Amino acid sequence: MTKHKAQGEQRDQHWSGVLIGLLTGWLALALLCALGARYIPSETPIGPLGRIVDSLAPWLLVIVCIGAIAIWGLGARRIAYALTFGALLGAGDLVRLHHAHSLPLVPQNDVAARVVFFNVLRVNAAYADRIATAVLEAEADVLVFTEAAGIRSALPRLARHYDILSSCTLDDCEIVVATRLPVRRHWRLSLNPVWPGRYVVTELEARNGQPFFIAASHLVKPWFSGIAGTEIRRLRGQYDWLNLPVLAVGDFNAAPWSRQITTLLRETGMKASRRPLGTWPAAAGNWGVPIDLALVHNGTRLAALSPFGEHLNSNHRGLLIDLSLPEFEAP
């Protein structure tokens, strides 16, 4: 019995060591991706992989911490401590990076305009009327829809309450903007030649008469090498041209701490919300990846930011935004 028991203990130790080795390898790889993916240039052969991973960095760090607990339970405590320390170090670096390119909400400020942004989902026509009901109940001043073909059938109903500024045909319905506010200018541009018409700018007058811009965009997936980089460069040039208070909303397909978005924020002075709001996939709720963003510049601030439309059959949650503008004296 003693011999058999010793052999059993040896087998247990062997398989425990194998399991620890496998877990350590996978968790070290996850930690390396979380810490290093955003430093990989998009134009390199592994750039697309970096762009897939860098938006997922916080979730990878959580996985590393959970795995470290399992390794600690298996007895490899030094490895567990090292992985946990690395994850905490990475989390601190992410917080530092995000803090540098974001601003907190200012709920004490007056609201100059309320905006709804929603990626409808192109094949979501069955929910068009429900979406229209939800946006009317939100009592927003401005509506911005991407993949707007999904709400095309409900636009006549919305037109009774809003000025529909964008065309929406069977062949061309990428972004739709509708507003109750006075409109000064409205135009549409293309950021890439493959998916045209996915950048729209509207100059409006807020409730107090102050002019401001809303710039709406729908960017391609950041791992589409070449196209994604071109879009970011063109978007940067467009943002630099906006010389009034501006709210930039859109489906950016990347988190605010990703390489693509931090580059855009750093080079334009735009700021994201300090508290990220998970938007994709919609079913994940607040645990989703914040790829639908509200960015501000030139004195614009977010007085409130909350999710919109999480039960409206889109794969995205939208944004309900209360916008604050800098002090303004009407002429």
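Summary of computed values
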| read-out | value |
| --- | --- |
| Residue selected from the stretch 86-140 under the condition part of a strand (DSSP E or B) and either in contact with a Gly (Cβ under 6 Å, 6 or more places away or on another chain) or closer than 28 Å to LEU60 by Cα (or both), by the criterion most open to solvent (accessible area, probe 1.4 Å) | LEU103 |
| Among the candidates ARG38, ARG51, ARG96, ARG122, residue that is within 25 Å of the chain's Cα centre (by Cα) and closer than 30 Å to SER153 by Cβ | ARG122 |
| Selection from the stretch 165-188 of residues that are assigned to a strand (DSSP E or B) and in contact with a helix residue (DSSP H, G or I) (Cβ under 8 Å, 6 or more places away or on another chain) | ILE175, VAL176, ALA178 |
| Strands (runs of 3 or more DSSP E) contained in the stretch 221-331 and holding at least 1 residues polar (S, T, N, Q) and surrounded by 18 or more Cβ atoms within 10 Å (Cβ to Cβ) | 318-324 |
| Filtered residues of the stretch 52-93 (kept if more than 16 Å from LEU19 (Cβ to Cβ), in contact with a Ser or Thr (Cβ under 6 Å, 6 or more places away or on another chain) and at pLDDT below 90) | none |
| Those residues of the stretch 181-228 which are of a type in the set (D, E, K, R) and over 22 Å from GLY150 (Cβ atoms), in sequence order | ARG184, ARG185, GLU203, GLU205, ARG207 |
| Residue match in the stretch 189-199 (condition: open to solvent by less than 10 Å² (accessible area, probe 1.4 Å), within 17 Å of LEU295 (Cα to Cα), part of a strand (DSSP E or B) and in contact (Cβ under 8 Å) with a residue 60 or more places away in the chain) | no |
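The values are calculated or read from the model by the stated rules, or taken from the named source; none is laboratory data. Source: prediction; values computed, not measured. When we count neighbours, we look across all protein chains shown, and the Cβ atoms used for this are built from the backbone with ideal geometry, even at glycine. Accessible surface is based on the protein model in full, side chains and every heavy atom, while ligands, DNA and RNA are left aside. Shrake-Rupley method; radii C 1.70, N 1.55, O 1.52, S 1.80 Å.
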